[in-house]
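What follows is a single structure, and I will ask about it in a moment.
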Ligand SMILES: Cc1cc2nc3c(=O)[nH]c(=O)nc-3n(C[C@H](O)[C@H](O)[C@H](O)COP(=O)(O)O)c2cc1C
């Protein structure tokens, strides 16, 4: 039985979650010779020692079953002018990387060249959480573009830092 009531239906929950501003990352890898990935606003840093980050992926994601098979995953923090690119990364799977400049590591992690930070990760743990899976990622390498400004996602719209 879904956990819904007059005080808290799914519309209200979406609005409530959307009140919290986030950045957006691209999670991507090369799997069986193909680029596979998606946009995620659920990314967060978790631990410095060991270095861990996380994001949540919908259980009905058709991309995650492929992406999770990659030896390494690339996580890229999107830049403030990446609104259209973010929609592309969340759109039809075959076109997600069309025209996008990519950095690909030997272990198959895929990062966006124009991102403001790039993380090379492996999956450490997956935790079922309702209709999502919380994915805990171990960091192996990071590259930060200290001059870039991030894309902001808030109330279903893209924005930038003032
Ligand atoms: C701004 C934005 C943030 C998103 N954040 C997430 C997220 O945190 N987790 C998730 O599973 N999907 C998220 N999505 C949706 C995915 O990018 C993608 O559209 C979804 O996984 C459906 O594609 P799939 O079936 O190929 O997985 C987000 C989409 C947008 C536009």
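Could you order the peptides 39-48, 12-21 from most to least packed, using the average number of other C-beta atoms within 10 Å per residue?
39-48, 12-21
Shifting gears a bit: Quick one: length gained pulling residue 140 to residue 87 fully straight, 0.36 nm per residue minus the C-alpha distance?
Taking residue 140 through residue 87 to full extension adds about 16.3 nm, to one decimal.
For segment 1-97, what does the convex hull of the Cα positions come to per residue, in cubic angstrom?
About 153 Å³ per residue, rounded to a whole number.
So between residue 69 and residue 95, what do we pick up on full extension, going 0.36 nm a residue minus the alpha carbon distance?
7.3 nm
Also, I was wondering about something else. With a ≥ b ≥ c taken as the square roots of the eigenvalues of the C-alpha gyration tensor of segment 23-155, please select rounded if a/c is under 1.5 and otherwise prolate if a/b is larger than b/c or oblate if it is not?
In terms of gyration-tensor shape, rounded.
What value, in deg cm²/dmol to 500, does the helix sum -39500 (n - 2.57) over DSSP H runs of n ≥ 4 give at 222 nm once divided by the residues of the chain?
-3000 deg cm²/dmol
Every read-out reported here was derived from the displayed coordinates using simple, explicitly stated rules and does not represent laboratory data. Here the structure is a predicted model, which is why all the values come from computation and not from measurement. Cβ: placed from backbone, ideal geometry, glycine included. Neighbour counts: every protein chain shown.
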